[in-house]
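Visitor: Structure below; questions to follow.
The values are calculated or read from the model by the stated rules, or taken from the named source; none is laboratory data. Every value quoted in this text rests on a predicted model; they were computed, and no experiment measured them. So basically every Cβ, Gly included, is an ideal-geometry build from the backbone, and we count neighbours across all protein chains shown. Note: accessible area is taken over every heavy atom of the protein model, side chains too, but ligands, DNA and RNA are not part of it. Shrake-Rupley method; radii C 1.70, N 1.55, O 1.52, S 1.80 Å.
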Amino acid sequence: MDGIEGVVDLVGVAGRLSGATVVVVGGDRVEDLRLVEAAADLGIVNRVVLVGDRRRIARAVEEVQIEVSDADIVAAEGDEEAAEATVELIGRGVADVVLKGRISTPVLNRRMLPLAVRPTVSLVTVFDAAPISDGRVMIMTDAGVTTDCSFERMQGLITNAVEVARGVLGIGRPRVAVLSANEKQVASLPSTRMGAELSRLDWPEAVVYGPLSFDLATDPRSAAVKGLPDLPGAAEVAGRADVLVCPGIDAANVLYKMVSGLNKYGLASLASVTVGFPVPYVILSRADSLETRLASIALCTVYAERCLGNE
């Protein structure tokens with residue numbers, strides 16, 4: 001298995017695979033076509049299927065000068081029809097990766113959710129940032145999907161993130177930190193109790209410990225100064241976490257946006273994949289850098305082959 005020491009390595013690893021079929025839902029945005037064209041030039045993508053308004057797709061294809069056969073343009077009137085057509089393509093095994101284009105996210109999500117193959121669907125973000133853990137590649141979750149962080153959902157978040165850590169990054173037994181504002185159980189902070197309860201579960205493929213504050217999870221110096229409880233997993237995870245599990249979407253989104261801000265100054269890189277469907281699903285913001293968008297497509301293709309067995 002090719003090693004991935006940083007997010008940038010995902011592009012090279014994906015380019016050495018057989019090439020993926022990417023279905024772009026609402027495939028008439030010029031920036032999306034330029035993205036998949038760049039991915040194709042790097043060997044990451046070998047086929048693009050565009051779903052949506054045929055006339056607008058034709059104009060975008062002409063502007064970008066990308067080659068797409070008529071058979072790979074699936075005409076759909078409106079968001080509901082485009083989402084339904086995408087679900088059909090997934091069911092037929094056409095798609096390796098689904099990329100959201102010009103379509104309402106709630107409409108597409110509503111059509112996709114019945115396809116979920118596990119109880120929790122979540123956004124897994126692979127990142128590296130110079131000021132965090134000396135730039136080691138890490139994972140954070142969930143910055144964009146899970147709003148109801150019940151105990152069962154949190155278990156699902158960990159399971160999904162561990163799958164990516166093991167299958168994509170090649171980390172045999174990932175160290176998972178369940179984050180909170182305090183490393184001790186505090187009655188007024190439910191996330192501290194949640195972290196402790198999750199730590200007590202049996203995790204054969206990972207070492208899970210919580211609650212941990214962000215600095216104790218990522219900085220060995222902080223762990224050395226503050227000390228840790230004499231509990232299973234505490235010493236192994238503290239200061240060396242591979243996976244950061246945030247207590248809710250608010251905290252995760254703030255962390256994600258902070259890393260995105262560092263990316264703009266060349267101090268971080270990141271890529272995301274939505275896990276829990278038969279194929280990886282990626283929602284990109286047009287505010288994301290080209291590097292982030294391209295790395296996310298690469299992450300999806302590597303995940304599809306290594307974790308889902310899609311070749």
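Visitor: Could you do me a favour and compute the accessible area per residue for the chain, 1.4 Å probe, result in Å²?
Guide: 43
Visitor: Let a ≥ b ≥ c be the square roots of the eigenvalues of the Cα gyration tensor of the range 120-190; is it rounded (a/c under 1.5), or, if not, prolate (a/b larger than b/c) or oblate?
Guide: Oblate shape, in that a/c is at least 1.5 and b/c is the bigger or equal ratio.
Visitor: Taking H placed 1.01 Å from N in the peptide plane, check which residues at least 5 places from residue 186 or on another chain put their amide H under 5 Å from its amide H.
Guide: Counting only residues 5 or more places away or on other chains, the set is 192, 193.
Visitor: Sticking with this structure for a sec: Give the carbon-plus-sulfur fraction of the accessible surface of the range 169-209 in %, rounded to a whole number; probe 1.4 Å, heavy atoms of protein chains only.
Guide: On the way: 1030 of 2070 Å².
Solvent-exposed carbon and sulfur of the range 169-209 make up 50 percent of the total.
Visitor: What does the C-alpha gyration tensor say about the overall shape of the range 124-274? Classify as rounded when a/c is under 1.5, otherwise prolate if a/b is larger than b/c, or oblate.
Guide: Since a/c stays below 1.5, the shape of the range 124-274 is classed as rounded.
Visitor: Let me ask something else about it. Compute the distance from the alpha-carbon center of the range 235-280 to that of the range 56-89, in whole Å.
Guide: 32
Visitor: When we measure straight from the Cα of residue 226, which lysines land under 16 angstrom away, once same-chain ones fewer than 8 places off are left out?
Guide: 184
Visitor: Separate question: In nm, to one decimal, how far is the residue 104 label point from the residue 285 one, both placed 7 Å along Cα→Cβ?
Guide: 2.2
Visitor: Over all pairs of distinct alpha carbons, what does the Kirkwood formula give as the hydrodynamic radius of the chain, in Å?
Guide: Values: mean 1/r = 0.0504 Å⁻¹.
Mean inverse Cα-Cα distance, inverted, gives 19.8 Å.
Visitor: Could you work out what % of the accessible surface of the range 1-85 is carbon and sulfur, using a 1.4 angstrom probe and leaving DNA, RNA and ligands out of the count?
Guide: Whole-percent figure for carbon plus sulfur exposure: 44.
Visitor: Related question: Calculated FRET efficiency, residue 193 and residue 173, Cβ-Cβ r, R0 25 Å, to nearest 0.05? Could you put the intermediate results ahead of the total?
Guide: Numbers: r = 25 Å, r/R0 = 1.01.
After rounding, the FRET efficiency stands at 0.50.
Visitor: What is the distance in Å between the Cα centroid of the range 212-234 and that of the range 103-171?
Guide: Going from one Cα centre to the other spans 24 Å.
Visitor: Next question. Using a 7 Å offset from the Cα along the Cα-to-Cβ direction at both residue 41 and residue 151, what is the distance between the two label points in nm, to one decimal?
Guide: 5.2
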